[in-house]
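Working notes for the structure below.
The values are calculated or read from the model by the stated rules, or taken from the named source; none is laboratory data. The structure displayed is predicted, hence computed values, not measured ones. Every residue, glycine as well, gets a Cβ built from its backbone with ideal geometry; the counts of neighbours run over all protein chains shown.
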Amino acid sequence: MFEGHAQSLSSFANVSSFFGKERRKVEGGQQRLRVPAADAVQSPSLEVLTSAFGMSAGGAPPLWPLTDYIISRTDIKAHMSVPANHPRKASLDVRHRLTGGLEEGIVAPAGLIAHGRGEAFDYLLGERTPVEAARAERAAVALLLAARKPVVCVNGNVAALCPGDVVALASAVGAELEVNLFYRSGGRERRIRRVLMEAGAKRVWGVGPRSRTVPGLSSERARADKPTVEADVVLVMLEDGDRTEYLMRMGKKVVAVDLNPLSRTARKASLTIVDNVVRALPRMTGYARSMRKWNRGRLALVYGGFDNKANLRVAESRIRSGLKRRR
Ligand code: PTJ
């Protein structure tokens, strides 16, 4: 939730038409305003907003954090193109997929923070896929190919960063695609489904009201759809928290992609890939294509011989030595 003080609004303003379901009257003075974050990202242009508050777009905006946020959306657009010779172009281009995704109502505002955390780890990894990550990716693909009912879960960050890659991987391993969100709203679910369909998905689950099908889990991530409920192997990406543990309590194997080897998800998953999702997914699709015809016995040799805890220790020590290298 966004919370802010509406300080300089002189008259009533009904914000419900802008921000969806949550209807609040805002009076002058220091009244708290609560707006669902997921709906705020669908917010109107600055002109629409300011005229509704009886101001011109050029006039002084209220001291209102949400307005600052909307102003910054216009700045985002203006600064999206990075010169070809910029030394950090690749990294900035990836960032802009997220800021663009925020603007389109796909990425949750907190997704930008999550990405920043990932970037820090990636920087220490040297922004490339180390050998232990490649090993984990190959083992994960073997596990997914051997699964009876694999599912690939997609959140806002993944949908914005690499929609084509996630669709290609799901198709290469024969997995269902399911939207699973921490900051869940019907609008975000539908927009993410649309992005995946545009990237070539035939069917996307996880859209529409569902009961909480992951027992014990209290966040919105508990609203799993049929493929996750029935899955034997679940691929989760960029989602630290407790869902992995609860899925494992349901008897599933969980594959996690997470640049932080110390995260709760990375530590609890059956198989953890410490790599940037934008590099991991295309590489995994390549492995899947080369292993597609392997029988279950041969696949089992690959994932059965993989030691997740030992691999995580290598990933962690690489990041620690990355800290020394960068000094
Ligand atoms: O779209 P929603 O509503 O489901 O919300 C998604 C976010 C990302 C906001 C939510 O899942 C979240 O808050 O995630 P966390 O708890 O910050 O965890 C994200 C994890 O992913 C962190 O451990 C990051 O280091 C890691 N990470 C971030 N970017 C990448 C990444 N791992 C791999 N590749 C990345 N590009």
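If you take the residues of segment 141-165 that are within 12 Å of the ligand (Cβ to nearest atom) and within 21 Å of residue 289 (Cβ to Cβ), which of them is surrounded by the fewest Cβ atoms within 10 Å (Cβ to Cβ)? Steps first, please.
Within segment 141-165, the subset within 12 Å of the ligand (Cβ to nearest atom) is 153-162, 165.
So of that shortlist, the ones also within 21 Å of residue 289 (Cβ to Cβ) come out as 154, 158, 162, 165.
Details: 154: 30, 158: 30, 162: 24, 165: 20.
Ranking the qualifying residues of segment 141-165, first place goes to 165.
Which of the helices (runs of 4 or more DSSP H) found entirely inside segment 130-235 contain at least 2 residues meeting this: hydrophobic (A, V, I, L, M, F, W, C) and touching a residue at least 60 places away in the same chain (Cβ under 8 Å)? First the steps, then the outcome.
Details: elements: 131-146, 156-161, 163-173, 186-198, 226-230.
In segment 130-235, 131-146, 156-161, 163-173, 186-198 are the helices (runs of 4 or more DSSP H) which contain 2 or more residues that are hydrophobic (A, V, I, L, M, F, W, C) and touching a residue at least 60 places away in the same chain (Cβ under 8 Å).
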Subject >> Close pairs (7 angstrom Cβ cut-off, 6 or more residues apart or separate chains): outside the structural domain of residue 312 (by TED's automatic domain parsing) and without any contact (Cβ under 8 Å) to a residue 60 or more places away in the chain in segment 250-261, outside any strand (DSSP E or B) and within 14 Å of the ligand (Cβ to nearest atom) anywhere >> reply: none
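Does residue 221 satisfy the condition of being within 15 Å of the ligand (Cβ to nearest atom), over 30 Å from residue 131 (Cβ atoms) and of a type in the set (D, E, K, R)?
Working: within 15 Å of the ligand (Cβ to nearest atom): yes; over 30 Å from residue 131 (Cβ atoms): yes; of a type in the set (D, E, K, R): yes.
Yes: the conditions hold for residue 221.
Here's the yes/no breakdown for (1) under 20 Å from residue 226 (Cα atoms); (2) under 12 Å from the mean Cα position of the chain (by Cα); (3) not assigned by TED's automatic domain parsing to the domain that holds residue 219:
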residue	(1), (2), (3)
115	no, yes, yes
118	no, yes, yes
124	no, no, yes
155	yes, yes, no
160	no, yes, no
173	yes, no, no
177	yes, no, no
